[in-house]
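Heads up: the structure comes next, in structure tokens.
The values are calculated or read from the model by the stated rules, or taken from the named source; none is laboratory data. From a predicted model like this one, the values you see are computed outputs, not experimental measurements. Neighbour counts are summed over all protein chains in view; Cβ atoms, including those assigned to glycine, are modelled from backbone coordinates with ideal geometry. Accessible surface is based on the protein model in full, side chains and every heavy atom, while ligands, DNA and RNA are left aside. Shrake-Rupley method; radii C 1.70, N 1.55, O 1.52, S 1.80 Å.
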Amino acid sequence: MLVVMERNATASEIRRVVAAIEEMGLEARLLPGKQRSAVGIVGNDGSVDASPLSGLPGVLEVIHVTQPYKQVSREWKPDGTVIRFPGGLAIGGDDVVVMAGPCAVESEAQILAAARAVRDAGAVFLRGGAFKPRTSPYSFQGLGKKGLELLAKAREETGLLVVTEALDPAGVDLIERYADVIQIGARSMQNYSLLKRAGQTRKPVLLKRGMAATVTELLLSAEYLLAEGNPDIILCERGVRGFDAGTRYLLDLTAIPLVHRLSHLPIIADPSHGTGHRDRVTPMARAAVAAGADGLMVEVHPTPERALSDGVQSLAPEQFAALMKECRMIAEAIGRRVAEPAEVP
Ligand code: PEP
Ligand code: MN
């Protein structure tokens, strides 16, 4: 439930609404906004009688949030969430933010070469898994903490921000010390103890859509993060299971305008996992930018044929540079801009 205040409501009128909600044994959350201020009721408010609130001075209206999720909804917060990073970079604003790098951190030479290549082509985030969720327990599982140290080294050298995946709550404890954004992978989208822990970190979280998850389920998983107090959530469409073996997954680009309508959270697209084949990555990256994605996550490897994971879908550096050029033109055509890297420190 949302108590929307009149434009000229005073601070004491807002305080009175908060007190009334708390007297009802519920938790109130202040929601200042550009268009209007509101006070949200957090928790299960299904049976709450709103009439004592609607009569209070300064109250414009009381809205029952119609979706099963609340804090992630546009009803709750009409203004889009913009997540700001040092150096002026923002996700959820006008700029399209590109994250690129290998599937996994494999060695110092590999991650530094990848970082330099994606930075030179114009990416602003370096991606790379140190803890890999692999279908087979015998596949390369990542370098663990050593991988995080190598990512930190690559950040120092290139000025790129770092995004990397946490597989479990202990991984969040470690990764929040190294990364600028903590990734929760498709396989973990409904790992609720991980979501709760990631909701308590101060770092932004990139939440990928599960390969069999609906958009509503994605938003409900994001709700876990907001409910724990983390407002800085970036969603990621990475493809859902299709029926055609010709594509590894089916990149659901409709999810981008749909999420923008339903939620104030930014959403990026991952055309690498979303297609599973190198030759389909650039066309779907272009389409994602055209569809309004707030960013892209692209797998790039200095030598894709030697990658320890996801080599078939990884772009070589020159292919990524071409993708960036095309995406810049498409972003401009729809009144946006691909975010530029900061000056090298
Ligand atoms: C990844 O980004 O490395 C990854 C494993 O992606 P997903 O969780 O979307 O499969
Ligand atoms: Mn991968």
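Provide a single number: the residues in region 109-130 that are under 19 Å from GLU318 (Cβ atoms), within 16 Å of ligand 2 (Cβ to nearest atom), free of Cβ contacts under 8 Å to residues at least 60 places away in the same chain and in contact with a strand residue (DSSP E or B) (Cβ under 6 Å, 6 or more places away or on another chain). Residues in region 109-130 being under 19 Å from GLU318 (Cβ atoms), within 16 Å of ligand 2 (Cβ to nearest atom), free of Cβ contacts under 8 Å to residues at least 60 places away in the same chain and in contact with a strand residue (DSSP E or B) (Cβ under 6 Å, 6 or more places away or on another chain): 1 in total.
Yes or no, residue by residue, for (1) more than 15 Å from ASP310 (Cα to Cα); (2) hydrophobic (A, V, I, L, M, F, W, C):
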site: VAL72; (1), (2): yes, yes
site: ASP79; (1), (2): yes, no
site: GLY93; (1), (2): yes, no
site: ALA114; (1), (2): no, yes
site: ALA121; (1), (2): yes, yes
site: GLN141; (1), (2): no, no
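Kindly check whether there is at least one residue in region 200-220 that is of a type outside the set (D, E, K, R), more than 15 Å from the chain's Cα centre (by Cα), within 16 Å of ligand 2 (Cβ to nearest atom) and over 22 Å from ALA28 (Cα atoms). Checked region 200-220: at least one residue is of a type outside the set (D, E, K, R), more than 15 Å from the chain's Cα centre (by Cα), within 16 Å of ligand 2 (Cβ to nearest atom) and over 22 Å from ALA28 (Cα atoms).
The residues in region 129-167 that are within 14 Å of ligand 1 (Cβ to nearest atom), more than 20 Å from the chain's Cα centre (by Cα) and not in a loop (DSSP other than H, G, I, E, B) can be counted, and the count is 1.
Taking every residue in region 272-300 that is of a type in the set (Asp, Glu) and pairing it with any residue that is open to solvent by 10 Å² or more (accessible area, probe 1.4 Å), at least 6 positions away or on another chain, the pairs with Cβ-Cβ distances below 7 Å are ASP294/GLY92; GLU299/ASP310.
Being within 16 Å of ligand 2 (Cβ to nearest atom) and open to solvent by 10 Å² or more (accessible area, probe 1.4 Å): is that true of PRO133 here? Criteria met by PRO133.
Residues of region 265-283 that are crowded, with 22+ Cβ neighbours inside 10 Å and either more than 16 Å from ligand 2 (Cβ to nearest atom) or in a helix (DSSP H, G or I) (or both): LEU265, PRO266, ILE267, VAL281. Within region 177-219, the set of residues being in a loop (DSSP other than H, G, I, E, B) and closer than 15 Å to VAL240 by Cβ comprises GLY185, MET189, GLN190, ARG209, GLY210, MET211, ALA212, ALA213, THR214.
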